[in-house]
Amino acid sequence: MSTNNSDTTHAPSPATFGEPWPEFNDGLTYRDLVRSPDSGLTLIEFYSLRHQSSAPSLGGSKMVRLITVNGTVVADPNTALRTGTELVYHRRPWKEPYAPYLLEVLFEDDHLIALNKPSGLQVLPGGLFQQRTVLTQLQWHIKNQELCPVPVHRLGRGTSGILLCAKTKLAKTRLAALFADKTSAVVGNRKIDNEVSKVGKMSKIYRALARGIINEDEVVIDQPIGTVEYPGVAKGLYVASPSGKPALSKVHVLKRDVQNNLTVVQVEIQSGRPHQIRIHLSFIGHPLIGDPLYLTSGKPQCSVPETVDETFAEDGGYHRPANPVPGDCGYYLHAHQLVLYHPMTNEVVRITAPLPPVFLSHESGK
């Protein structure tokens, strides 16, 4: 494959889009077919296992009134299920928590759109946020039915900055392959502002506010990241783990603020594990300022079991977990720069998201 050596820097654009959120979302509909491994489970047991974020195992009578079994509403949560039974769970519309809705366009062509995501906005549906997401705004904005706009990676809900999205299926496929490329691969010893290492690689630079004073000017963190069971996180919580997958973060100190006991840092990663920067800075004893979850050793601050809430939300779903979870905001992390080979043209593309005021304030010393 030939490489186009042209190099384009894309400055931030003032273009923004976004529609205010409706008071209520559209609710959810889960359709399931009972297969042989689940035969014999009760109705509430099935949903407790299959849809953990929407169907707790206790006090299920309210939720059961929203379920049909082979087209008939049932009243008994202990109804036994048989193989081949068709289930439909209608979760009623609900008021989602506050989330911003305006998105700034940093770069756009026929294949890609890069957005400046505000802190507090979730990227994809999950948990209490099913409508108030970047994906929804993107779909509302790009109404061309021949296109299928979708984010190709995630940023934490509390993380701001560059979010890369595909506008076509082919661009999505190629970008997904690029992001799936070995995270443990390093961009050689060359600086990101010169070039990415080769086709199929990318580099991302973040700004972060870390607690305490980091004495070294440069820190390389290669602590693997894995998962552990954690209340409120169905697929497990990402943490620093010797048995986890490789992860590499290059930390560069920009300013030491002794008065406020914090360090402004620039962190370079390639593709990245979920919550990698939060975990890595916590691992070296300098968690992000305001992080409610990762406080020490790259692991959660809360190790005691969560108190079970036996009540249901009005729509039949879970209340939010009592313990801190990854989607909680409060920390200061910004995806500031992205350098990659364009998946369709092979052009080196550089995108920058303006720094939020809190970073400008600390970097200027005001």
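Only residues in the range 162-174 that are assigned by TED's automatic domain parsing to the domain that holds LYS143 count as the first member; pair them with residues that are in a helix (DSSP H, G or I) and charged (D, E, K, R), Cβ under 7 angstrom, at least 6 apart or cross-chain, and list the lot.
ALA166/LYS172
Of all residues in the range 238-253, which are touching an Asp or Glu at 6+ places or on another chain (Cβ under 9 Å) and over 26 Å from PHE359 (Cα atoms)?
Scanning the range 238-253 gives a single hit, PRO246.
GLY84 fails exactly one of the following numbered conditions: (1) modelled with pLDDT of 90 or more; (2) of a type in the set (Gly, Ala, Ser); (3) surrounded by fewer than 17 Cβ atoms within 10 Å (Cβ to Cβ); (4) in the same structural domain as ARG320 (by TED's automatic domain parsing). What is the number of that condition?
Single failed check for GLY84: (4).
Of all residues in the range 73-104, how many are in a strand (DSSP E or B) and over 23 Å from CYS165 (Cβ atoms)?
Adding up the residues that qualify gives 8.
For (1) without any contact (Cβ under 8 Å) to a residue 24 or more places away in the chain; (2) among the polar types (S, T, N, Q); (3) surrounded by 15 or more Cβ atoms within 10 Å (Cβ to Cβ); (4) in contact with a Leu (Cβ under 7 Å, 6 or more places away or on another chain), each residue gets a yes or a no:
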| site | (1), (2), (3), (4) |
| --- | --- |
| LEU106 | no, no, yes, yes |
| ASP110 | no, no, no, no |
| LEU115 | no, no, yes, yes |
| GLY120 | no, no, yes, no |
| LEU124 | no, no, no, yes |
| LEU128 | no, no, yes, no |
| ARG132 | no, no, yes, no |
| THR136 | yes, yes, yes, no |
| HIS141 | no, no, yes, no |
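Mind telling me which of the residues THR68, THR9 ends up being at pLDDT below 95, outside any loop (DSSP other than H, G, I, E, B) and within 24 Å of PRO354 (Cα to Cα)?
On inspection, the qualifying residue turns out to be THR9.
The values are calculated or read from the model by the stated rules, or taken from the named source; none is laboratory data. Quantities reported herein were computed from a predicted structural model and do not represent experimental measurements. Positions of Cβ are generated from backbone atoms using ideal geometry, with glycine treated the same way; all protein chains shown enter the neighbour counts.
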